[in-house]
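Structure first, commentary second.
The values are calculated or read from the model by the stated rules, or taken from the named source; none is laboratory data. Remember, it's a predicted structure, so these values are computed and weren't measured experimentally. Cβ sites come from the backbone with ideal geometry, for glycine too, and all protein chains shown count toward neighbours. Heavy atoms of the whole protein, side chains included, go into the accessibility calculation; ligands, DNA and RNA do not. Shrake-Rupley method; radii C 1.70, N 1.55, O 1.52, S 1.80 Å.
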Amino acid sequence: LASVGARSIEDVIGRADMLQQASRGSDLLDDFDLGPLLLRAEVGARPARSTRTGRNEVVPTLDEQILADAAPVWERQEKMQLTYTVRNTHRAVGTRTSGEIVRRFGAEGLNTGHLRLRLRGSAGQSLGAFGARGLRIELVGDANDYVGKGLSGAELIVSSPPGEALSNPAVVGNTCLYGATSGTLFAAGRAGERFAVRNSGATAVIEGCGTNGCEYMTGGTVVILGRVGDNFAAGMTGGRAFVWDPEDRLENRLNTEHVIIAPLNSYEDECRALIEAHQKATGSIVAEAVLADWATAILQFKAILPKDVVLAPATQTTAAR
């Protein structure tokens, strides 16, 4: 600093003219001229760097309104239902509310659905992220990426408005249920890519997904009533997925390094119960059609199970002998 007449690091901020392009010794490595970036523009009497102070405060979130409206829950532990219109600028709806639930009542302090939020519109990113037990979010519309990220016991229901023109639309975005540990997601429509990546305990029913579905899953149960994208179940070492595959396309989309395909068999009752719950919660026409012809549908379902879980008992038995 002394060599350039500067007394502190503050004196050299904004002084691009003090920089020199390093030489690597070869014309092949030094053919990119950084000279235009190293010139110091004439700034006149103005300072060479910004001197503004202050900050832009964060815009109030929908959760601030929810926290205020849910005062009877916090004060007297009353059961409540609240209704709001949601926009895609409303991000992480339900997250701060979940934090308040845990602070006041603990992770297991409220019964399922104790505080019910009914939303209508297009939700922004991370709807229900880290949602805690006791919170139930019912969205009529659609949601952006990261729905249910880190889900921790809450219930999330997403469905299209009545009379929706599109059949089986995409209603939730990419990377939903990322790192979820518990809770439920019912979405009457398709999800984007990397659905349920690193899910370790949540339960979900959706109606199709993009590439890399159920990637790195270690637990939980996922039912998919529709097509899946490429590389399905890559790195999936736990949990299970039940895929309705009437077109017999799944095998070509599946990453078989860690999983196998098996018939539904002993999982039939569990799978049907989840589809029934999904249909009841969302009014899904896809689920309704599957249940109406269950005798045919059951033959079209495929169970995706981790090899380590399925083959371990047989391996241990063989070793014992």
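Please return the longest range in the chain lying between exposed loop sites, taking GluC sites (Glu not before Pro), DSSP loop only, at most 14 other beta-carbon atoms within 10 Å, and leaving the sites out. Don't jump to the answer; show the numbers that get you there.
Numbers: sites that count: Glu42, Glu57, Glu78, Glu108, Glu247, Glu257.
Result, exposed sites excluded: 109-246.
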Check: Roughly how much of Leu34 is accessible, in Å² to the nearest 10, using a 1.4 Å probe?
Finding: 60
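Express in % the proportion of alpha carbon pairs of the chain at distances exceeding 31 Å. Working shown, then result.
Values: 23680 of 51360 pairs.
Of all Cα-Cα distances in the chain, 46 percent exceed 31 Å.
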Next item on the list: With label points built 7 Å along Cα→Cβ from the Cα atoms of Met18 and Asp308, find their separation and express it in nm.
Entry: 5.4
Notebook entry, point to check: Taking the convex hull of the alpha carbon atoms in segment 225-265, what volume per residue do you get, in Å³?
Noted result: 75
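Grab the DSSP H runs of the chain that are 4 residues or longer, score each as -39,500 (n - 2.57), total them, divide by all residues and round the 222 nm result to the nearest 500 deg cm²/dmol.
Working: 9 runs with 77 residues, N = 321.
One gets -6500 deg cm²/dmol as the mean residue ellipticity at 222 nm.
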Notebook entry, point to check: Simple spin-label model, 7 Å along Cα-to-Cβ: Ala68 to Ser266 in nm?
Noted result: 5.5
Check: Dividing the Cα convex hull volume of segment 180-229 by residue count, how many Å³ per residue is that?
Finding: 50
Margin query: Quick check of the Kirkwood formula: for segment 153-309, what is the inverse mean of 1/r over all pairs of different Cα atoms, in Å?
Written below: 15.0
Next item on the list: Order the following by accessible area, largest value first: Arg7, Arg55. Probe radius 1.4 Å; ligands, DNA and RNA are ignored.
Entry: Arg7, Arg55
Next item on the list: Within segment 288-312, which residues have the backbone N less than 14 Å from the label spot 7 Å out from Asp248 along Cα→beta-carbon, could you tell me?
Entry: 299-302
Notebook entry, point to check: With every protein chain in place, what's the accessible area of Thr218 (1.4 Å probe, Å², nearest 10)?
Noted result: 80
Next item on the list: Would you mind checking the tilt of helix 95-105 against the longest principal axis of the Cα atoms of the chain, expressed as 0 to 90 degrees and rounded to 10?
Entry: 70
Note to self: Quick check: residue separation of Phe32 and Met80 times 0.36 nm, minus the Cα distance between them. What number comes out in nm?
What the structure shows: 10.9 nm
Next item on the list: Name the residue farthest towards the positive end of the dipole of the chain from the options Ile66, Gly173, Ser122, assuming +1 on Cβ of Lys and Arg, -1 on Cβ of Asp and Glu, about the Cα centre.
Entry: Ile66
Check: What nm distance separates the two modelled labels at Thr112 and Thr53, each placed 7 Å from Cα along Cα→Cβ?
Finding: 5.5
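Rounded to the nearest 5, what % of the DSSP beta bridges within the chain are antiparallel ones? If you can, show how the numbers build up before the last one.
Values: 9 of 51 bridges.
That works out to approximately 20 percent antiparallel.
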Item checked: Using alpha-carbon coordinates, inclination of helix 307-320 to the longest axis of the chain, degrees -> 60
